[in-house]
Amino acid sequence: EDAELLERLLEGDEAAFSELVRRYHSTLLRVARFCGASAASAEDVAQDTWIAVIRGVAAFEGRSSFKTWLLRVCANRARTQGVKDQRVVAVLARGGRARPPSPI
């Protein structure tokens with residue numbers, strides 16, 4: 001059934017996208033938390049994942065299920081965000097001010 005929604009999404013069907021979000025958004029939040037994003041960042045990770053889906057769905061080759069692809073995108077983004085979150089916590093622990101971490 002995801003395959004049909006993907007086809008519709010590729011045709012620009014917003015209802016198909018809404019259905020995918022309804023099905024998987026809560027799962028994305030759990031994956032984001034499991035992979036290291038803070039509770040505050042998990043929603044941002046999920047939102048970024050959906051943006052990546054919209055931008056990258058045309059490149060989805062179907063070698064795995066849509067769900068597997070979606071969760072891998074989310075996990076990768078969550079791990080990156082988790083590293084950023086840890087840097088901010090480390091700065092705060094040393095008595096610093098809250099600010100975005102600088103790029104490496």
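Points worth noting:
- Filter result (among the aromatic types (Phe, Trp, Tyr) and open to solvent by 40 Å² or more (accessible area, probe 1.4 Å)) within the range 12-26: Phe17
- Contacts under 7 angstrom Cβ, first residue in the range 74-89 being under 15 Å from Val53 (Cα atoms) and charged (D, E, K, R), partner surrounded by 14 or more Cβ atoms within 10 Å (Cβ to Cβ) and modelled with pLDDT of 90 or more, 6 or more apart: Arg77/Val45; Arg77/Asp48; Arg77/Thr49
- Scope the range 27-84; condition more than 9 Å from the chain's Cα centre (by Cα), exposed (fewer than 14 other Cβ atoms within 10 Å of the Cβ) and closer than 19 Å to Gly12 by Cα; matching residues: Ile54, Arg55, Gly56, Ala58, Ala59, Glu61, Gly62
The values are calculated or read from the model by the stated rules, or taken from the named source; none is laboratory data. Treat the numbers as computed from the prediction; the structure is a model and nothing was measured. Note that we place each Cβ from the backbone using ideal geometry, even for glycine, and neighbour counts take in every protein chain shown. For the accessible areas, the whole protein counts, side chains as well, though only heavy atoms, and no ligand, DNA or RNA atoms are used. Shrake-Rupley method; radii C 1.70, N 1.55, O 1.52, S 1.80 Å.
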